[in-house]
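Comments concern the structure below.
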Amino acid sequence: MTHRQILFVIYGLMAGMFLSALDQTIVGTSIRTISDDLHGLSQQAWVTTAYLIVSTIATPIYGKLSDIFGRRPLFLIAIIVFLGGSVLSGISTSMYELAVFRAIQGLGAGGLMALPLAIMGDMLAPRERAKYQGYFLAVFGISSVIGPLIGGVLAGAPFILGITGWRWVFLINVPIGIIALAMVVRFLHLPKKSENRSVRIDWWGATTVIIAVAPLLLVAEQGRDWGWGSAGAWACYIVGGLGILAFILVERMMKDDALIPLKLFKSSTFSMATILGILVGFGMFGALSSIPLFLQLVNGSTPTESGYQLLPMILGLMISSIVSGQLISRTGRYKIFPVVGTGLMSLGFFLFTFIQASTPIWYIMFGMFLVGLGLGQLMQTLTIASQNSVGPRDIGVATSASTFFRQIGGTLGVAVLFSVLFTRIPTTIKAAFENPTLLNNMKAALADPKVLADPGNKQILTLLQGQQAGSSSVTTSLDGDTQFLTTADHRLAAPFLHGFADATVTVFWVSLIVVLVAFILSFFLKATPLRQKSALQEVADADAAIIATRAAEMVGAPLEPSLSTQENDIVDRK
């Protein structure tokens, strides 16, 4: 393929990945408006959970099927399914309908996240691939910034072209998806799979991965509301654990035809890259969830403003991903980047542990920039390491497995860190009320008749009465609508803001410990030399060598070592 053809394919792949990445951020700022309009505030969590569970489970399934049937048809199917789910979500009439249609979206999103990087693995040699994968990380960065902005604008508009504004949160995917579909159909033409052997589809593997992952993701998302020791939570633990055991047994029996072949983990490089991916996903998604919450609650930023304030992280991610990609392409070495990347992330989280309610925004932005610099060196490097550690025929399953485990780590990160946050809040707020300075300022505010008469202080005054009475409504209020904290008199809100800031610092300490573990393990990542050829070229060369060997046998030349049945099938067909 020429450079121009490669670029057009990349544009189509990025447009497809952009659909999935944008959908994860654009819905967040509009979900409250959507739930109000559909009269289902209590069901809003299921809209997010349905998408997350289905997209995570679908990721390894797409990877394996694309190894069997080819990347192009599976990627086209993923785009079409995602667009169908988007249209249905845009015409939903209830929250339960929306949750089902979001699950359909997630079914397509699993392919949109996994297949572009696998297609890149087919087309380009690892060293050349590093130059282009930085652009894919830019897609995540851009979607993280503009997603909350677009979601807020669309949800805030009563009508757009005669359609309720929030419905365009889903319908906006249609034109983007059509462009991606057209570019993929026009420019993505990969050779057909050359294998002619009978293929077993791992239906039992797909079934057991659903049984294993779905309950664990469900309890990770809902456990804080249910209670981590509730009967529902324990049911999820037991079913998920049994599902994991069943999945391992099935994959052992399926061998090379397994959904996630266990032979991949015989490579120490693949195993270590997978572990690092889980830990990095834990820290990354934890940061992307807790930092905006801190900015909105403590600093009083709107969702849109907090999106813009994440720009330093996105800038750091884009700079380091592009620079590291160029260096990998020129030198062929990547061992240093996981070490430096996890080190910079650790430094960023270490700075976050000193944050207080009065910390200036520039300090937080500098920490975010360091975290971004670290992430940019890690995401593409770990993917390249995973792809480079397996054979050319396993590129798809290796890429999807890497993405799958990173998503699992991210989901666990959000669940664990938010559980830590809301467990700590009552303790830290109680400690803030014992701070003499904050207490004296609050008493002065309560002695002011204007403060007591101000309607904007009504909700926080009620909450203060509950705090004095030892009520547990503090945590409930901070877990729900916290807008009153930004409108109330600052002297009244200060104990709550300081308490939330202190609780968030605990979250950053947990993230720091996880990333430090990744930093230590990164020294043990065995960086195998990057291959000089793309996966397709390696397969073609291997086929050519097999044909040459068989031809030599036919004319009586010295025989090469005997070929396998699969190789003989290839030769006979040629």
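Got a number for residues in the stretch 348-364 being within 22 Å of the chain's Cα centre (by Cα) and either surrounded by fewer than 16 Cβ atoms within 10 Å (Cβ to Cβ) or more than 15 Å from Ser290 (Cβ to Cβ) (or both)?
Counting residues in the stretch 348-364 that are within 22 Å of the chain's Cα centre (by Cα) and either surrounded by fewer than 16 Cβ atoms within 10 Å (Cβ to Cβ) or more than 15 Å from Ser290 (Cβ to Cβ) (or both) gives 0.
Tell me which of these Leu344 doesn't satisfy, since it passes every other one: (1) within 16 Å of Ala273 (Cβ to Cβ); (2) under 21 Å from the mean Cα position of the chain (by Cα).
(1)
Let's see how each residue does on (1) more than 25 Å from Asn388 (Cβ to Cβ); (2) in a helix (DSSP H, G or I); (3) at pLDDT below 80:
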{"position": "Ala233", "(1), (2), (3)": "yes, yes, no"}
{"position": "Asp256", "(1), (2), (3)": "no, yes, no"}
{"position": "Ile260", "(1), (2), (3)": "no, no, no"}
{"position": "Lys263", "(1), (2), (3)": "no, yes, no"}
{"position": "Thr269", "(1), (2), (3)": "no, yes, no"}
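Just checking: which of the helices (runs of 4 or more DSSP H) contained wholly in the stretch 283-380 hold 1 or more residues that are aliphatic (A, V, I, L, M) and out of contact with any Pro (no Cβ under 8 Å at 6 or more places or on another chain)?
Result: 311-331, 336-352.
Which one is surrounded by the fewest Cβ atoms within 10 Å (Cβ to Cβ), of the residues in the stretch 9-37 that are closer than 17 Å to Gln407 by Cβ and hydroxyl-bearing (Ser, Thr, Tyr)?
Top of the filtered list is Thr25.
Going through the stretch 247-260 one residue at a time, which ones are within 26 Å of the chain's Cα centre (by Cα) and surrounded by fewer than 19 Cβ atoms within 10 Å (Cβ to Cβ)?
The answer is Ile248, and nothing else.
Quick check on my filter: what residues within the stretch 423-440 are assigned to a helix (DSSP H, G or I) and either in contact with a Ser or Thr (Cβ under 6 Å, 6 or more places away or on another chain) or surrounded by fewer than 17 Cβ atoms within 10 Å (Cβ to Cβ) (or both)?
Within the stretch 423-440, Thr423, Arg424, Ile425, Pro426, Thr427, Lys430, Ala431, Pro436, Thr437, Leu439, Asn440 qualify.
Yes/no per residue for (1) under 24 Å from the mean Cα position of the chain (by Cα); (2) of a type in the set (S, T, N, Q); (3) within 16 Å of Ile395 (Cα to Cα):
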residue: Ala109; (1), (2), (3): yes, no, no
residue: Ala114; (1), (2), (3): yes, no, yes
residue: Ala125; (1), (2), (3): no, no, yes
residue: Ala130; (1), (2), (3): yes, no, yes
residue: Ala138; (1), (2), (3): yes, no, no
residue: Ala155; (1), (2), (3): yes, no, no
residue: Leu161; (1), (2), (3): no, no, no
residue: Trp166; (1), (2), (3): yes, no, no
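Among (1) of a type in the set (A, V, I, L, M, F, W, C); (2) modelled with pLDDT under 90; (3) touching a Gly at 6+ places or on another chain (Cβ under 9 Å), where does Leu124 come up short?
(3)
Looking at the stretch 306-315, is at least one residue over 30 Å from Ala431 (Cβ atoms) and modelled with pLDDT under 80?
Within the stretch 306-315, one or more residues are over 30 Å from Ala431 (Cβ atoms) and modelled with pLDDT under 80.
Looking for whichever is modelled with pLDDT of 85 or more, among the polar types (S, T, N, Q) and within 24 Å of Gly90 (Cβ to Cβ) here; the options are Thr29, Thr33, Thr56, Thr49. Which one fits?
Thr56
Could you identify the single residue in Ile179, Ile211 that is over 28 Å from Gly286 (Cα atoms), among the hydrophobic types (A, V, I, L, M, F, W, C), assigned to a helix (DSSP H, G or I) and out of contact with any strand residue (DSSP E or B) (no Cβ under 7 Å at 6 or more places or on another chain)?
After applying the criteria, what remains is Ile179.
Sort out which residues of the stretch 127-147 are closer than 9 Å to Thr25 by Cβ and modelled with pLDDT of 75 or more, and write them in order of number. Before you say what the answer is, go through the steps one by one.
First, pick out the residues of the stretch 127-147 that are closer than 9 Å to Thr25 by Cβ: 143-147.
Those that are closer than 9 Å to Thr25 by Cβ and modelled with pLDDT of 75 or more: Ser143, Ile146, Gly147.
Out of the residues in the stretch 220-240 that are in contact (Cβ under 8 Å) with a residue 24 or more places away in the chain and of a type outside the set (Asp, Glu), state the one that is surrounded by the most Cβ atoms within 10 Å (Cβ to Cβ).
Ala220
Just to be sure, is Ile384 closer than 26 Å to Ala118 by Cβ and either among the small types (Gly, Ala, Ser) or assigned to a helix (DSSP H, G or I) (or both)?
Answer is yes for this residue.
The values are calculated or read from the model by the stated rules, or taken from the named source; none is laboratory data. The shown structure was predicted, so the numbers you read here are calculated from the model rather than taken from an experiment. All Cβ positions, glycine included, derive from the backbone under ideal geometry; neighbour counts span all protein chains shown.
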